[in-house]
1. Against the longest principal axis of the chain, how steep is helix 142-169, in degrees 0 to 90 to the nearest 10, with axes from Cα atoms?
2. Give the carbon-plus-sulfur fraction of the accessible surface of the chain in %, rounded to a whole number; probe 1.4 Å, heavy atoms of protein chains only.
3. To the nearest 10 degrees, how steep is helix 79-92 against the longest Cα principal axis of the chain, on a 0 to 90 scale?
4. Taking a virtual spin label 7 Å from the Cα of Asn8 along the C-beta vector, which residues in the range 42-56 bring their backbone nitrogen under 12 Å of it?
5. In terms of modelled amide H atoms, which long-range or inter-chain residues lie less than 5 Å from the amide H of Val134?
6. What's the FRET efficiency of Ser112 with His83 using the Cβ-Cβ distance as r and R₀ = 22 Å, to the nearest 0.05?
7. Antiparallel versus total DSSP beta bridges in the chain: what percent is that, nearest 5?
8. Working from Cα positions, state the angle (0 to 90°, nearest 10) between the long axis of helix 112-124 and the longest principal axis of the chain.
Amino acid sequence: MCPCQTDNVSRVLIVHHTVSPPLAELLDIVKKAATTAAAELGTPLELQTRPALTASPLDVLEADAIILGSPVNIGTISGALKHFFDGVYYPSMDETDNLPVGYYLHGNSDASGAAKAVDKIIGALKWRRISAPVLVTSGIDQGVREELANLAALAVLAATQTSLAQTDGS
């Protein structure tokens, strides 16, 4: 949400911790769906994908929307995603209010505790959740694919609206 951006490019940042084949598949679905949504909207898209351990505050400040992806480990988010939040919290505080964000989580059973943790952190950052989280605790079926496609489309739409608002305000 850098106010210096004056182009009409929608910037979606995907921050993920992909440590298993199912998480790689989820990430791939989200990336393809975001690209498809941008094409359908006719909006230029800059899709940046960053591992949670290397995503930076600058990545966040330049994003018009964020999609987060994490495994659920022992009932909560991965240490890598927590590391990301720890690293961007203070540098982006008060600079990214209302930043659109959505997320998906993959676990072997219950992911509700991890979802509560993410919601608490994004609330503290004053980011705006754009959809219900996509919680995957079994196989990746057509329903999960549709939920992920919806999440990606909503992120692209929110990024487009943010980008246009910044351009109009400059």
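The values are calculated or read from the model by the stated rules, or taken from the named source; none is laboratory data. Keep in mind the model is a prediction, meaning the values are calculated, not measured. Heads up, the Cβs are rebuilt from the backbone with ideal geometry, glycines too, and the neighbour counts pull from every protein chain shown. With ligands, DNA and RNA removed, areas are computed over all heavy atoms of the protein, side chains included. Shrake-Rupley method; radii C 1.70, N 1.55, O 1.52, S 1.80 Å.
1. 20 degrees
2. Numbers: 4280 of 7760 Å².
In the chain, the share of accessible area belonging to carbon and sulfur is 55 percent.
3. Once rounded, the angle reads 20 degrees.
4. It comes to 42-45, nothing else.
5. The answer is Tyr103, Tyr104, Leu105.
6. After rounding to 0.05, the efficiency reads 0.50.
7. Working: 2 of 25 bridges.
Within the chain, antiparallel bridges account for around 10 percent of the total.
8. In the chain, helix 112-124 runs at an angle near 20 degrees to the longest axis.
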